[in-house]
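Working notes for the structure below.
The values are calculated or read from the model by the stated rules, or taken from the named source; none is laboratory data. Just so we're clear, the structure is a prediction, and the values are computed from it rather than from any experiment. Quick reminder, even Gly has a Cβ in these numbers, built from the backbone with ideal geometry, and neighbours come from all protein chains shown.
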Amino acid sequence: MAVIYLMRHGESIVNVERRLKCKALDGDLSLLGREQAAKAARWLLDKGITTLYCSPFQRAEQTAQIIGDCLGIAHVTDKNLGEMDCGDLEGRTDDAAWAARDNIYDRWLAGDWDATFPGGESFRHAFERFNRSLTQIREEETALMVTHGGIACSVVLLLCVNAAALQRSPVLDNTGFIVLESYDVGRYICQAWNLVEHMTEV
(Lines give C-alpha, C1' and ligand atoms only; values in the text may rest on other atoms or scores of the structure.)
Protein backbone atom coordinates (compact mmCIF):
# COMPACT_ATOMS: atom_id res chain seq x y z
CA MET A 1 0.00 0.00 0.00
CA ALA A 2 1.57 3.28 -1.12
CA VAL A 3 2.23 6.05 1.37
CA ILE A 4 2.82 9.56 0.09
CA TYR A 5 4.28 12.44 2.06
CA LEU A 6 3.29 15.62 0.24
CA MET A 7 5.40 18.50 1.51
CA ARG A 8 5.39 22.21 0.86
CA HIS A 9 8.85 23.66 0.20
CA GLY A 10 10.70 25.69 2.84
CA GLU A 11 10.26 29.45 3.13
CA SER A 12 11.65 31.22 0.07
CA ILE A 13 12.67 34.76 -0.76
CA VAL A 14 9.52 35.19 -2.85
CA ASN A 15 7.44 34.16 0.19
CA VAL A 16 9.15 36.86 2.25
CA GLU A 17 8.58 39.40 -0.53
CA ARG A 18 4.96 38.24 -0.84
CA ARG A 19 5.60 37.93 -4.57
CA LEU A 20 3.41 35.80 -6.84
CA LYS A 21 5.88 33.47 -8.52
CA CYS A 22 4.08 30.74 -10.43
CA LYS A 23 5.76 30.75 -13.85
CA ALA A 24 9.45 31.66 -13.50
CA LEU A 25 11.32 28.94 -11.62
CA ASP A 26 13.78 31.19 -9.76
CA GLY A 27 13.40 32.01 -6.07
CA ASP A 28 15.94 30.75 -3.54
CA LEU A 29 15.14 29.48 -0.08
CA SER A 30 15.62 31.96 2.73
CA LEU A 31 17.91 31.09 5.63
CA LEU A 32 14.83 30.11 7.63
CA GLY A 33 13.66 27.96 4.71
CA ARG A 34 16.93 26.04 4.73
CA GLU A 35 16.62 25.49 8.46
CA GLN A 36 13.04 24.26 8.00
CA ALA A 37 14.15 21.81 5.29
CA ALA A 38 16.97 20.49 7.48
CA LYS A 39 14.57 19.89 10.38
CA ALA A 40 12.12 18.15 8.07
CA ALA A 41 14.93 15.97 6.73
CA ARG A 42 15.90 14.77 10.20
CA TRP A 43 12.24 14.08 11.02
CA LEU A 44 11.96 11.96 7.87
CA LEU A 45 14.95 9.75 8.68
CA ASP A 46 12.82 6.98 10.22
CA LYS A 47 9.85 7.26 7.85
CA GLY A 48 11.15 4.74 5.30
CA ILE A 49 11.16 7.13 2.33
CA THR A 50 12.07 5.20 -0.83
CA THR A 51 11.65 7.86 -3.53
CA LEU A 52 11.88 11.64 -3.65
CA TYR A 53 10.16 13.82 -6.25
CA CYS A 54 10.03 17.60 -6.46
CA SER A 55 8.62 20.52 -8.39
CA PRO A 56 11.06 22.23 -10.80
CA PHE A 57 10.81 25.55 -8.96
CA GLN A 58 14.08 26.44 -7.22
CA ARG A 59 12.46 26.68 -3.81
CA ALA A 60 11.21 23.11 -4.13
CA GLU A 61 14.39 21.70 -5.67
CA GLN A 62 16.57 23.29 -2.98
CA THR A 63 14.30 21.84 -0.29
CA ALA A 64 14.50 18.41 -1.94
CA GLN A 65 18.28 18.64 -2.24
CA ILE A 66 18.69 19.31 1.48
CA ILE A 67 16.40 16.42 2.34
CA GLY A 68 17.87 14.07 -0.25
CA ASP A 69 21.40 14.69 1.02
CA CYS A 70 20.25 13.78 4.54
CA LEU A 71 18.32 10.67 3.48
CA GLY A 72 20.82 9.52 0.86
CA ILE A 73 18.22 9.67 -1.93
CA ALA A 74 18.56 11.55 -5.21
CA HIS A 75 15.54 13.65 -6.12
CA VAL A 76 13.65 13.39 -9.40
CA THR A 77 12.19 16.60 -10.83
CA ASP A 78 8.57 16.39 -11.93
CA LYS A 79 7.09 19.44 -13.67
CA ASN A 80 3.57 18.31 -12.78
CA LEU A 81 4.28 19.13 -9.12
CA GLY A 82 4.77 22.82 -9.97
CA GLU A 83 2.66 25.55 -8.38
CA MET A 84 -0.61 26.67 -9.97
CA ASP A 85 0.09 28.92 -12.95
CA CYS A 86 -1.23 32.35 -11.94
CA GLY A 87 -0.74 33.74 -15.44
CA ASP A 88 -0.80 37.53 -15.74
CA LEU A 89 -0.42 37.93 -11.97
CA GLU A 90 3.16 36.63 -12.15
CA GLY A 91 5.71 38.74 -10.28
CA ARG A 92 3.24 41.08 -8.61
CA THR A 93 3.20 41.87 -4.87
CA ASP A 94 0.32 44.36 -4.63
CA ASP A 95 -2.90 43.78 -2.71
CA ALA A 96 -5.05 43.91 -5.85
CA ALA A 97 -3.05 41.05 -7.39
CA TRP A 98 -3.40 38.95 -4.24
CA ALA A 99 -7.13 39.65 -4.09
CA ALA A 100 -7.48 38.48 -7.70
CA ARG A 101 -5.40 35.40 -6.93
CA ASP A 102 -7.46 34.57 -3.84
CA ASN A 103 -10.71 34.91 -5.78
CA ILE A 104 -9.65 32.28 -8.31
CA TYR A 105 -8.04 30.09 -5.65
CA ASP A 106 -11.25 30.04 -3.59
CA ARG A 107 -13.06 28.77 -6.68
CA TRP A 108 -10.41 26.05 -7.04
CA LEU A 109 -10.95 25.00 -3.42
CA ALA A 110 -14.67 24.77 -4.20
CA GLY A 111 -13.94 22.43 -7.10
CA ASP A 112 -14.84 24.86 -9.91
CA TRP A 113 -13.19 23.09 -12.85
CA ASP A 114 -13.47 26.09 -15.17
CA ALA A 115 -11.94 28.68 -12.81
CA THR A 116 -8.95 29.99 -14.75
CA PHE A 117 -6.20 32.50 -14.00
CA PRO A 118 -6.09 35.12 -16.80
CA GLY A 119 -3.18 34.04 -18.96
CA GLY A 120 -2.68 31.01 -16.70
CA GLU A 121 -4.23 27.61 -16.13
CA SER A 122 -7.64 26.31 -15.20
CA PHE A 123 -8.35 24.17 -12.17
CA ARG A 124 -9.16 21.25 -14.47
CA HIS A 125 -5.71 21.42 -16.05
CA ALA A 126 -3.96 21.80 -12.69
CA PHE A 127 -5.89 18.93 -11.16
CA GLU A 128 -5.12 16.58 -14.03
CA ARG A 129 -1.38 17.27 -14.11
CA PHE A 130 -0.94 17.07 -10.33
CA ASN A 131 -2.98 13.89 -10.14
CA ARG A 132 -0.71 12.31 -12.79
CA SER A 133 2.18 12.70 -10.36
CA LEU A 134 0.28 11.00 -7.56
CA THR A 135 -0.91 8.09 -9.69
CA GLN A 136 2.64 7.25 -10.77
CA ILE A 137 3.48 6.13 -7.21
CA ARG A 138 3.66 2.34 -6.99
CA GLU A 139 2.10 0.30 -4.21
CA GLU A 140 5.46 -0.61 -2.69
CA GLU A 141 6.67 2.98 -2.50
CA THR A 142 6.85 5.39 0.40
CA ALA A 143 7.24 8.60 -1.55
CA LEU A 144 8.12 12.14 -0.59
CA MET A 145 6.86 14.79 -3.01
CA VAL A 146 8.08 18.37 -2.48
CA THR A 147 5.53 20.72 -3.98
CA HIS A 148 3.58 23.93 -3.28
CA GLY A 149 0.75 24.92 -0.98
CA GLY A 150 -1.78 26.24 -3.48
CA ILE A 151 -1.75 23.32 -5.88
CA ALA A 152 -1.58 20.67 -3.15
CA CYS A 153 -4.43 22.04 -1.05
CA SER A 154 -6.81 22.55 -3.95
CA VAL A 155 -6.25 19.15 -5.57
CA VAL A 156 -5.82 16.80 -2.60
CA LEU A 157 -9.13 17.74 -0.99
CA LEU A 158 -10.95 16.20 -3.96
CA LEU A 159 -8.94 12.97 -3.86
CA CYS A 160 -9.43 12.00 -0.22
CA VAL A 161 -12.28 9.77 0.93
CA ASN A 162 -12.27 11.61 4.25
CA ALA A 163 -12.29 15.06 2.59
CA ALA A 164 -15.21 16.31 4.68
CA ALA A 165 -13.01 16.27 7.76
CA LEU A 166 -10.38 18.37 5.97
CA GLN A 167 -12.54 21.16 4.61
CA ARG A 168 -11.72 23.53 7.44
CA SER A 169 -7.95 23.12 6.99
CA PRO A 170 -7.01 24.13 3.42
CA VAL A 171 -3.66 25.55 4.57
CA LEU A 172 -0.16 24.16 4.22
CA ASP A 173 2.71 25.85 6.06
CA ASN A 174 6.25 25.93 4.74
CA THR A 175 7.56 22.33 5.12
CA GLY A 176 4.12 21.23 6.32
CA PHE A 177 3.19 17.64 5.38
CA ILE A 178 0.05 16.02 4.03
CA VAL A 179 0.28 12.26 4.57
CA LEU A 180 -1.73 10.11 2.19
CA GLU A 181 -2.34 6.37 2.16
CA SER A 182 -3.70 4.76 -1.00
CA TYR A 183 -7.32 3.62 -0.64
CA ASP A 184 -8.50 2.75 -4.14
CA VAL A 185 -7.48 3.71 -7.66
CA GLY A 186 -6.97 7.47 -7.59
CA ARG A 187 -8.35 7.80 -4.05
CA TYR A 188 -6.58 8.26 -0.72
CA ILE A 189 -7.06 8.36 3.01
CA CYS A 190 -5.53 11.50 4.48
CA GLN A 191 -3.65 10.46 7.62
CA ALA A 192 -2.38 13.96 8.48
CA TRP A 193 -2.86 17.49 7.20
CA ASN A 194 -0.28 20.26 7.67
CA LEU A 195 1.84 18.11 9.97
CA VAL A 196 4.61 20.36 11.34
CA GLU A 197 5.81 18.55 14.45
CA HIS A 198 9.39 18.63 13.11
CA MET A 199 9.39 22.41 13.58
CA THR A 200 9.39 21.99 17.37
CA GLU A 201 12.91 20.53 17.15
CA VAL A 202 15.40 22.70 19.04
Suppose we filter segment 117-158 for residues that are in a strand (DSSP E or B) and either hydrophobic (A, V, I, L, M, F, W, C) or crowded, with 18+ Cβ neighbours inside 10 Å (or both); how many remain? 6
May I ask you to list the residues in segment 75-98 that are surrounded by fewer than 16 Cβ atoms within 10 Å (Cβ to Cβ), under 26 Å from E139 (Cβ atoms) and among the polar types (S, T, N, Q)? T77
Filter segment 172-190 down to residues that are among the polar types (S, T, N, Q) and under 23 Å from Y105 (Cβ atoms) and give me whichever is surrounded by the fewest Cβ atoms within 10 Å (Cβ to Cβ). N174
Across segment 20-74, what is the number of residues that are surrounded by 22 or more Cβ atoms within 10 Å (Cβ to Cβ) and acidic (D, E)? 0
Kindly evaluate L109 against the criterion of being over 13 Å from G150 (Cα atoms), in contact with a Cys (Cβ under 9 Å, 6 or more places away or on another chain) and not β-branched (V, I, T). no
Is one or more of the residues making up segment 153-166 farther than 27 Å from L20 by Cα and in contact with a Leu (Cβ under 6 Å, 6 or more places away or on another chain)? yes
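Using the structure shown, decide if D114 is out of contact with any Cys (no Cβ under 7 Å at 6 or more places or on another chain), acidic (D, E), modelled with pLDDT of 95 or more and exposed (fewer than 14 other Cβ atoms within 10 Å of the Cβ).
Considered against the rule, which asks whether it is out of contact with any Cys (no Cβ under 7 Å at 6 or more places or on another chain), acidic (D, E), modelled with pLDDT of 95 or more and exposed (fewer than 14 other Cβ atoms within 10 Å of the Cβ), D114 comes out as yes.
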Answer with yes or no whether W108 is surrounded by 21 or more Cβ atoms within 10 Å (Cβ to Cβ) and more than 16 Å from L180 (Cα to Cα). yes
Which numbered condition trips up G186, out of (1) within 29 Å of A41 (Cβ to Cβ); (2) of a type in the set (G, A, S); (3) in contact (Cβ under 8 Å) with a residue 40 or more places away in the chain? (1)
Does A163 qualify as being modelled with pLDDT under 90 and either crowded, with 16+ Cβ neighbours inside 10 Å or not basic (K, R) (or both)? yes
What are the residues in segment 184-202 that are on the phi < 0 side of the Ramachandran plot, in a strand (DSSP E or B) and at pLDDT 90 or above, if any? R187, Y188, I189, C190, Q191, A192, W193, L195
